[in-house]
Amino acid sequence: MEKYLGFITANYSTKYPSAITESRPVASAPFLGRYRVVDFALSNMVNCGIRTVGMVMPYNYRSLIDHVGSGRDWGLNLKKGGLFILPGSAFGTSRTGSRFLLRDLEHNKVFLERGNSELVILSSASFVYNMDYNDLADAHLASGADITVLTKTATRKDADVTAFKLEDGRVKGVHHGVEPGDTAFLDCFVMSRTFLLQLLDWYEQTDYLDLFEAMAADFERVNVRTFDFAGYAAPIFNKDVYFKANMDLLDPKISAELFPEGREIKTKAHDNAPAKLELGSHVRNSRISGSCRIYGTVTNSILGRNVLVEPGAVVNNAIVMQSCIVRSGAHIEYAVVDRNNEVPADIEVKGTPEALFIKEKAAE
């Protein structure tokens, strides 16, 4: 018997979509040059020993399928178990924070019924954090709770993050949007597989709701407890928090916390040459991905694979994604330049810390 069954929902929208998520789901948004946001949910699962993972697909699934493939890069291309691509609901999810739509669980009930694990760990692909889910499962079993949700105290306002109201350590209410100091839901929870199937029977007539919305009147009879996560965690919902999370990782302390030794974040393998910093280039406090060639200046920035920065070009406090070209004399600052773009010579692409400039993905 497998210890856990994994279930990832990747089919949801955000309250404030941007050009970054217009052509792709949040799950496949590039992160830190070489990763995608979904890599963290998948890696957290396989790193704790999960070998059967179901992933609910959004309607715009092309980039996500292209990235995860058969799950080989996460060790999930197995004859028994492995990565299962599951259908999402025909109407998608709401923009009010629902990321565990009952309809998606009901449509994939066969996947849950055929599993032979005692516990199910469910997660969205909306947060960046690195955690050993064994700790969450152990706390769940020790407490005797029906459901244990992963939480963290909110440090900033975010309309897309769900919050819980607590009394004596138990969840008594749920609402969308957090303020600093609230108990924020990290979109991850654990419960027994048989109890999850029972809940689907309870709420069969309200399958248009999120699981925790449907449970709102039942927190007295369903024992939902929290497990506080002490490490670094960042929601990836809008352009501002997306930019901040990327820039956070330029801090060596935060980077060491997110990528501890022994818990690797796996991603799709690319056969890249190393980045090359040419004579006369200036690079400081930046993450430069494979196959980049730098002739100009790059500071406090993140570059995806195969980016060319020509002589005299400046990239400062910016994210430049895969296969972009920054021509001589161009200046990029407080901006996110999506993949395949060419910034012409002597052009300024500038935003401000309060108003980032987002350049949408160019045609391939």
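Every read-out reported here was derived from the displayed coordinates using simple, explicitly stated rules and does not represent laboratory data. Please read these numbers as outputs of a predicted model, since none were measured by experiment. Positions of Cβ are generated from backbone atoms using ideal geometry, with glycine treated the same way; all protein chains shown enter the neighbour counts.
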Exercise. In region 165-226, what trypsin sites (Lys or Arg not before Pro) fall in a loop by DSSP, with at most 13 other Cβ atoms inside 10 Å?
Worked result: ARG221
For this session: Over region 218-292, calculate the relative contact order: mean separation of alpha carbon pairs under 8 Å at least 6 apart, over the residue count, as a percent.
Result: 22 percent
Exercise. Once phi is turned into θ = phi - 60°, what whole-Hz ³J(HN,Hα) does the Karplus curve with 6.51, -1.76 and 1.60 give for every residue of region 25-41, x standing for Gly and Pro?
Worked result: x, 4, 4, 9, 5, x, 9, 6, x, 10, 9, 10, 4, 5, 4, 6, 5
Problem set entry | Read-out P(r) over Cα pairs in 20 Å bins from 0, in percent, derived from the coordinates shown; its label in (i) 26, 53, 20, 1; (ii) 30, 55, 15, 0; (iii) 28, 59, 12, 1 | (ii)
Problem set entry | Candidate aspartates and glutamates - alpha carbon under 17 Å from LYS350, same-chain residues fewer than 8 apart omitted | ASP240, GLU333, ASP338, GLU342, GLU360
Problem set entry | Size of electric dipole in the chain: Cβ of Lys, Arg +1 and of Asp, Glu -1, about Cα centre, debye, nearest 20 | 820 debye
For this session: Give me the distance in nm between label points sitting 7 Å out from Cα along the Cα-to-Cβ direction at HIS175 and ASP135, one decimal.
Result: 3.0 nm
Problem set entry | Contact order normalised by residue count of the chain, Cα under 8 Å, 6+ apart, percent | 16 percent
Exercise. Going highest first, how would you order 117-127, 239-249, 137-147 by mean Cβ packing within 10 Å?
Worked result: 117-127, 239-249, 137-147
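If contacts are Cα pairs under 8 angstrom and at least 6 residues apart, what is the relative contact order of region 215-364 in percent?
Numbers: 314 pairs, mean separation 18.5, N = 150.
Across region 215-364, relative contact order equals 12 percent.
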Exercise. In debye, nearest 20: dipole of region 264-364 around its Cα centre with unit charges on the Cβ of K, R (+) and D, E (-)?
Worked result: 300 debye
Problem set entry | Violating pairs (Cα-Cα greater than 31 angstrom) within the set LYS244/LYS268; LYS253/LYS276; LYS15/LYS152; LYS80/LYS244; LYS3/LYS152; LYS79/LYS359 | LYS80/LYS244; LYS79/LYS359
For this session: Loop only per DSSP, at most 13 neighbouring Cβ atoms within 10 Å: give me the trypsin sites (Lys or Arg not before Pro) in region 1-86, ordered by residue number.
Result: LYS79, LYS80
For this session: For LYS109, list the aspartates and glutamates whose Cα falls under 15 Å from its own Cα; do not include residues on the same chain fewer than 8 positions away.
Result: ASP201, GLU204, ASP207
Problem set entry | For the chain, with +1 on Lys and Arg beta carbons and -1 on Asp and Glu, the positive-most of PHE243, PHE31, LEU5 along the dipole | PHE31
Exercise. Are there GluC sites (Glu not before Pro) in region 215-322 that DSSP puts in a loop and that have at most 14 other Cβ atoms within 10 Å, and which ones?
Worked result: GLU220, GLU261, GLU264, GLU278
Seminar exercise, completed: So, with points 7 Å from each Cα along the Cβ direction, the THR155-ARG221 label distance in nm works out to 4.1 nm
Exercise. For the residue pair GLU2 and LYS79, what label-to-label distance in nm results when each label sits 7 Å from Cα along the Cα-to-beta-carbon direction?
Worked result: 1.7 nm
Exercise. Quick one: putting +1 on the C-beta of Lys and Arg, -1 on the C-beta of Asp and Glu, what dipole do you get for region 107-202 around its Cα centre, in Debye to the nearest 20?
Worked result: 160 debye
Seminar exercise, completed: Place a point 7 Å from the Cα of THR206 in the direction of its beta carbon; the residues of region 101-133 whose amide N falls under 16 Å from it are 101-106
Seminar exercise, completed: Rg from C-alpha atoms of region 1-111, normalised by the globular rule of thumb 2.2 N^0.38 Å, equals 1.05
Exercise. Between ALA275 and residues 5 or more places away or on another chain, which pairs have amide H atoms under 5 Å apart, with H built 1.01 Å from N, and which residues are they?
Worked result: SER291, CYS292
Exercise. Quick one: of the DSSP bridges fully inside the chain, what percent are antiparallel, nearest 5?
Worked result: 35 percent
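So if R0 is 35 Å, what FRET efficiency would TYR16 and GLU278 give, r being the distance between their Cβ atoms, rounded to the nearest 0.05?
FRET efficiency, TYR16 to GLU278: 0.35.
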